[in-house]
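Structure record follows, encoded as structure tokens.
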Amino acid sequence: MARPRKPLLSTDRIVRTAQALVDAEGLQAVSTRRLAAELGVSGPSLYNHFRTKDEILEAVADSVSAQVDLSMFEDGRDWRTALHDWAVSYRSALRDHPNIVPVLARGPGRRPAGLRLADAVYGGMVDAGWSPAQATSIGALMRYFVMGSALSSFAGGFVDDASAYDPADYPHLGQAHLLAEQQEKIDERAFEVGLAALLAGLEGQYGQPEPRP
């Protein structure tokens, strides 16, 4: 009786397995030895696809960038709507994979999907009429805002123990113990409020740019 064949080792399979480890246990869980065990292969076989652990993490980061919708910069949406919709999609991808955000925060480097993302945002803003310098600043600003919102939860940072908020010490935090149970609602609302204020502030400071002809 023939032995069942092991699944072929591929770059995609390695990245998917590494991503699952990062999502479940964090960046420190990824090592070539651990990955090889998870994949049921020998450690050296991974080196046919990736030379180092860092290359694997870079590939995982790029797979997350590839999940971000960029169509809004190509289908005629105005710059404010495009930036809003892109930021929502970007945050959604990071929120689903928060443990990889520190790698993404280093910048796109040579990652193809990360560079396509940067190219789409910059190009979309220049096409909308922003100067190259302004488009660069807007891209950086949006990246700071979205990544910051994905790194941690504001509401989740408060313990649900009312005794932690003695009114003698914290007279304005009498309801803080209720924040954690409404974490998603509060964080979503804060993100939307901040995003709306950011976009309105850009238009208020610089006015409505003139799109390229």
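The stretch 100-152 holds helices (runs of 4 or more DSSP H) entirely within its bounds, and those carrying 3 or more residues that are open to solvent by less than 40 Å² (accessible area, probe 1.4 Å) and free of Cβ contacts under 8 Å to residues at least 24 places away in the same chain map to 132-151. For Arg51, the conditions (1) of a type in the set (D, E, K, R); (2) outside any loop (DSSP other than H, G, I, E, B); (3) farther than 30 Å from Ser131 by Cβ are fulfilled apart from (2).
For the stretch 55-72, name all the residues that are under 23 Å from Tyr90 (Cβ atoms) and acidic (Asp, Glu). Glu58, Asp62, Asp69, listed by residue number.
For the stretch 167-185, taking the residues that are outside any helix (DSSP H, G or I) and open to solvent by less than 70 Å² (accessible area, probe 1.4 Å), the one that is farthest from Val101 (Cα to Cα) is identified as Gly174. With respect to the conditions (1) among the polar types (S, T, N, Q); (2) assigned by the TED database to the domain that holds Gly148; (3) at pLDDT 95 or above, Ser63 falls short on a single one, namely (2). With respect to Leu27, determine if the residue is surrounded by 14 or more Cβ atoms within 10 Å (Cβ to Cβ), at pLDDT below 90 and within 25 Å of Gly109 (Cβ to Cβ). When the stated conditions are applied, Leu27 does not pass them. Only residues that are in contact with a Leu (Cβ under 9 Å, 6 or more places away or on another chain), surrounded by 13 or more Cβ atoms within 10 Å (Cβ to Cβ) and not hydrophobic (A, V, I, L, M, F, W, C) were counted across the stretch 32-61, and they come to 7. Within the stretch 64-78, the set of residues being of a type in the set (Gly, Ala, Ser) and either in contact with a strand residue (DSSP E or B) (Cβ under 9 Å, 6 or more places away or on another chain) or surrounded by fewer than 19 Cβ atoms within 10 Å (Cβ to Cβ) (or both) comprises Ala66, Ser71, Gly76. Selection over the stretch 153-166 of residues that are open to solvent by less than 80 Å² (accessible area, probe 1.4 Å), over 26 Å from Val88 (Cα atoms) and part of a helix (DSSP H, G or I) gives a count of 2. Pull out all pairs, ordered by first then second residue, where Cβ-Cβ is under 9 Å, the residues are six or more apart or on different chains, the first lies in the stretch 6-26 and is of a type in the set (Ser, Thr, Tyr), and the second is at pLDDT 95 or above. Hits for this filter: Thr11/Ala59. Of the residues making up the stretch 33-48, those that are without any contact (Cβ under 8 Å) to a residue 24 or more places away in the chain and part of a helix (DSSP H, G or I) number 9. Scanning the stretch 54-97 for residues that are hydrophobic (A, V, I, L, M, F, W, C) and touching an Asp or Glu at 6+ places or on another chain (Cβ under 6 Å) yields a single hit, Met72. Go through the stretch 61-97 and give me each residue that's within 30 Å of Ala24 (Cβ to Cβ) and part of a loop (DSSP other than H, G, I, E, B). Within the stretch 61-97, Ala66, Gln67, Val68, Asp69, Leu70, His97 qualify.
The values are calculated or read from the model by the stated rules, or taken from the named source; none is laboratory data. What you are looking at is a predicted structure, and each value in this text was computed from that prediction instead of being measured. So basically every Cβ, Gly included, is an ideal-geometry build from the backbone, and we count neighbours across all protein chains shown. We work out accessible area using only protein heavy atoms, side chains counted, and drop any ligands, DNA or RNA first. Shrake-Rupley method; radii C 1.70, N 1.55, O 1.52, S 1.80 Å.
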